[in-house]
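Here the structure is laid out as structure tokens; the discussion comes afterwards.
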Amino acid sequence: GENVEQHPSTLSVQEGDSAVIKCTYSDSASNYFPWYKQELGKRPQLIIDIRSNVGEKKDQRIAVTLNKTAKHFSLHITETQPEDSAVYFCAASSGSGGGADGLTFGKGTHLIIQP
Amino acid sequence: DTAVSQTPKYLVTQMGNDKSIKCEQNLGHDTMYWYKQDSKKFLKIMFSYNNKELIINETVPNRFSPKSPDKAHLNLHINSLELGDSAVYFCASSRSPGPGYTFGSGTRLTVV
């Protein structure tokens, strides 16, 4: 089955700096890679996703890159703000976009934005 | 209108009891899931149901049983609760193929 590794487990950055979270996956059949943000006591919420036919995707301050050959993908957050503080999860799926095959999650990164 | 709703939000119960958590989605999605999030925040899939058919069961003890009366509901029944069952349980739904999951707000289960 799929195995997703996520690093670092904790990341502390100064407000306004950039943050990068990296994930690797094992199953070459995986073709869908979402990122979720979970604030304390709340549900995981999808913030951005990428499919295997795309190398990079950007949405305002958030971007995701995918290297299929190396089987790794990364989340980039620029101009970090205090409200970016949360736990971020990467995930992978071999389904057609998070469908019935289920998602395999990384273990999460606790992002701390220092004022 | 909450897209994926689950009840109860908190559940405290004694070891050995049987309990249920309910989940409903009003998104018209055809697949629903249960995930367990342990104390270290690790999210692990337990079950998924697609058109009332169980299609994933990730080596979960048979004390856990999902029940789907219709496409909009997926309930989780747990028998003979153990201390190690304490966790947050998230329901989720998706369209297959779709743009990813929508999670419910979670049920914090504490077994004492």
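The values are calculated or read from the model by the stated rules, or taken from the named source; none is laboratory data. In this text, all values refer to a predicted model and were calculated from it rather than measured experimentally. Methodologically, a virtual Cβ is constructed for each residue, glycine included, from the backbone with ideal geometry; neighbour enumeration extends over all protein chains shown. Ligands, DNA and RNA are excluded from the accessible area calculation, which covers all protein heavy atoms including side chains. Shrake-Rupley method; radii C 1.70, N 1.55, O 1.52, S 1.80 Å.
With unit charges on the beta carbons (Lys and Arg positive, Asp and Glu negative) and the dipole taken about the Cα centre of region A:37-79, which residue among A:52, A:77, A:65 sits farthest to the positive side? After comparing all options, I get A:52.
For chain A, a Gaussian network of Cα nodes joined below 10 Å ranks A:29, A:19, A:91 by mean-square fluctuation, and the top entry is A:29.
Counting Lys and Arg as +1 and Asp and Glu as -1, what is the net charge of the other residues whose Cβ lies under 13 Å from the Cβ of residue B:17?
Numbers: positive: B:19, B:63; negative: B:18, B:82, B:85.
With Lys, Arg at +1 and Asp, Glu at -1, the net is -1.
Note on chain A: with a GNM built from Cα contacts shorter than 10 Å, the maximum mean-square fluctuation among A:21, A:47, A:77 falls on A:47.
Longer than 18 Å from Cα to Cα, which of A:37/B:67; A:37/B:9; A:22/A:68; A:71/B:36; A:37/A:107 are they? Say none if no pair is. Present the calculation step by step, with values, prior to reporting the outcome.
Working: A:37/B:67 29 Å; A:37/B:9 20 Å; A:22/A:68 14 Å; A:71/B:36 26 Å; A:37/A:107 12 Å.
Among A:37/B:67; A:37/B:9; A:22/A:68; A:71/B:36; A:37/A:107, the Cα-Cα distance tops 18 Å for A:37/B:67; A:37/B:9; A:71/B:36.
With a 1.4 angstrom probe, the accessible area lost at the A-B interface totals about 1700 Å².
Amide H to amide H distances under 5 Å link residue A:27 with A:3, where only residues 5 or more positions off or on other chains count and H is placed in the peptide plane. Within straight-line reach of residue A:58, meaning a Cα separation under 13 Å, sit the following aspartates and glutamates at least 8 residues removed in sequence or on another chain: A:49.
Quick one: putting +1 on the C-beta of Lys and Arg, -1 on the C-beta of Asp and Glu, what dipole do you get for chain B around its Cα centre, in Debye to the nearest 20? If you can, show how the numbers build up before the last one.
Numbers: 13 positive and 10 negative charges, 39 e Å.
Computed about the Cα centre, the dipole is about 180 debye.
FRET efficiency for the residue A:114 to residue A:67 pair, using the beta carbon distance and R₀ = 35 Å, is estimated at 0.75.
Could you report chain B's accessible area per residue, 1.4 Å probe, as an integer in Å²? Please report the intermediate quantities before stating the final value.
On the way: 5460 Å² over 112 residues.
Dividing the accessible area of chain B by its residue count gives 49 Å².
Give the calculated FRET efficiency between residue B:67 and residue A:12 to the nearest 0.05, with a Förster radius of 41 Å applied to their Cβ-Cβ distance. It comes to 0.40. Heavy-atom surface analysis with a 1.4 Å probe gives chain A a carbon and sulfur content of 45 percent of its accessible area. Only Cα pairs within less than 10 Å get springs; with that Gaussian network setup on chain B, which residue of B:46, B:32, B:15 has the largest fluctuation? Maximum fluctuation in the GNM of chain B, among the listed residues, is at B:15. Under 5 Å between amide hydrogens, built in the peptide plane, is the criterion, and for residue A:108 it picks out A:90 among residues at least 5 positions away or on other chains. Multiplying the residue separation of residue B:7 and residue B:112 by 0.36 nm and removing their Cα-Cα distance gives an extension gain of 35.8 nm.
Computed log10 I(q)/I(0) for the protein assembly as shown at 0.08, 0.13 Å⁻¹: -0.29, -0.76, from the Debye equation with unit scatterers placed on every C-alpha and solvent omitted.
Quick one: if the Förster radius is 41 Å, what FRET efficiency do residue B:80 and residue A:60 give, using the C-beta to C-beta distance and rounding to 0.05? Walk me through the numbers before you get to the answer.
On the way: r = 48 Å, r/R0 = 1.18.
Efficiency computed from Cβ-Cβ geometry: 0.25.
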